Amino acid sequence: EKGGYDYFMLKEIAEQPKAVADTLLGRIDGSGTLLLDEVRIPPSELREVGKIVIVACGTAFHAGMIAKYAIEHWTRIPCETELASEFRYRDPILDHRTLVIAISQSGETMDTLMALRHAREQGARVLAICNTNGSTIPRESDAVLYTHAGPEVAVASTKAFLTQLVACYLVALYLGQVRGTKWGDEIHSVIQELSAISVQVEQVLGTMEPVRELARSLADKNTVLFLGRHVGFPVALEGALKLKELAYMHAEGFAAGELKHGPIALIEEDLPVVVVVPSPRGRSVLHDKIVSNIQEIRARGARTIVIAEDGDETVVPYADHLIRIPPTPTLLQPLVATVPLQVFACELATARGNEVDQPRNLAKSVTVE
Ligand code: M6R
């Protein structure tokens, strides 16, 4: 049932191109228009939405953090992403014009379920993004957009994450489409690029041997840091979470702009630091700032592991290890940038002799608060 792979996680990482394609299937028509009738909230109501709040836990929370960038950019609706376990305890401001999006692979995560119940009690509309048909979270929501990742067995979430991102982009682009924004042309071209993304994920998977080799060489390290900015920041958090749960290593993700506000004090000789570099074509100011960050940490002895777009030559002099990803629109980059981090964590866990599919102390779905 592992399809020839040693672990479910490896199989699920390899299934990502299909999971992404399946999640897009039937949701974009030939002319590049989104068809999301299954989101049974009528367009008239979606036009009235005044605020969006995303609630989720763990990896799904990271997908929600990325969704915030996409939603606010394409729809201009204020959006916040909150850990489901914090949400209802701070008396959040909700009403019938608030759209709450609950993201959950299993559909059974108690923190997320309690958050959505609270939201509905306060009169908010709830849209679930979920991978498990008929599970509790979609049953208790007003609407659901299913991810089509297929069953995810490994405790560490991989293919579900990529499909959660796809679903979030679809929702963001759909809201943009329904409400009409000044980004109409951009929305159209991003929809086209989203259709091509599964091929790019496949490409990344084909180039992972150096990443595995690198992971094995770091098996005796205690700490790995991850840096990113804009949508690369949640990617950094996700890379760190994967490493914590699988390799049992101290791993932390930071927003690169925060470095000089504290974390740079952690940098010491030969400390591995993974840096997710945004596209030089998109928000190029951010790209240049990250390149300066790489120079700064390297000057202090860090071993830099740089994830950068094909053709981005500016990073070459400062990268001890360079991991290439194909060019994508800025907001879609997490779909390709996360994949090497999954492979990295899986290989490190294996090298350290850990149980990859069933990390210690963890359960696949957390059904208590
Ligand atoms: O089933 P859910 O998506 O609601 O689960 C949320 C988290 O428990 C889950 O993503 C967890 O963080 C994973 N083990 C991460 O790999």
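For this structure, a couple of remarks:
- Rg of the Cα atoms in segment 127-175, relative to 2.2 N^0.38 Å, amounts to 1.14.
- Cβ crowding within 10 Å, taken as a proxy for footprinting-reagent exposure, orders Phe8, Phe344 from fewest neighbours to most as Phe8, Phe344.
- Calculated on alpha-carbon atoms, Rg and Dmax of the chain in Å: 19.7, 58
- Helical contribution to [θ] at 222 nm, DSSP H n ≥ 4, -39,500 (n - 2.57), averaged over the chain, rounded to 500: -13500 deg cm²/dmol
- For the chain, the Cβ-based charge dipole about the Cα centre amounts to some 500 debye (Lys, Arg positive; Asp, Glu negative; other atoms uncharged).
- For the chain, built as a Gaussian network whose Cα springs stay under 10 Å, the top-fluctuating residue of Arg125, Arg76, Arg40: Arg40
- From the C-alpha gyration tensor of segment 271-369, square roots of 5λ in Å: 29, 18, 12
- Whole-Å distance, taken between Cα centres, linking segment 204-259 and segment 62-136: 27 Å
- Kirkwood hydrodynamic radius (C-alpha pairs) into Stokes-Einstein, segment 89-219, 25 °C and 0.890 mPa s, D in µm²/s: 144 µm²/s
- Estimated D of segment 40-129 in µm² per second, where Rh is the Kirkwood radius over Cα pairs and Stokes-Einstein applies at 20 °C, 1.002 mPa s: 167 µm²/s
- Rg to Rh, two decimals, where segment 1-160 supplies the alpha carbon set and Rh follows Kirkwood: 0.98
- A cut-off under 15 angstrom between Cβ atoms defines the neighbours of Ala265, and their net charge, with Lys, Arg +1 and Asp, Glu -1, is -3.
- Calculated on C-alpha atoms, the gyration radius of segment 174-288 divided by its Kirkwood radius gives an Rg/Rh of 1.05.
- Counted by Cβ distance under 15 Å from Ala19, the other residues give a net charge of -1, where Lys and Arg count +1 and Asp and Glu count -1.
Read-outs: derived from the displayed coordinates by stated rules, not from any lab. The structure presented is a predicted model; accordingly, all values stated were derived computationally and were not measured. Glycine also receives a Cβ, built like all others from the backbone with ideal geometry; neighbour counts cover every protein chain displayed.
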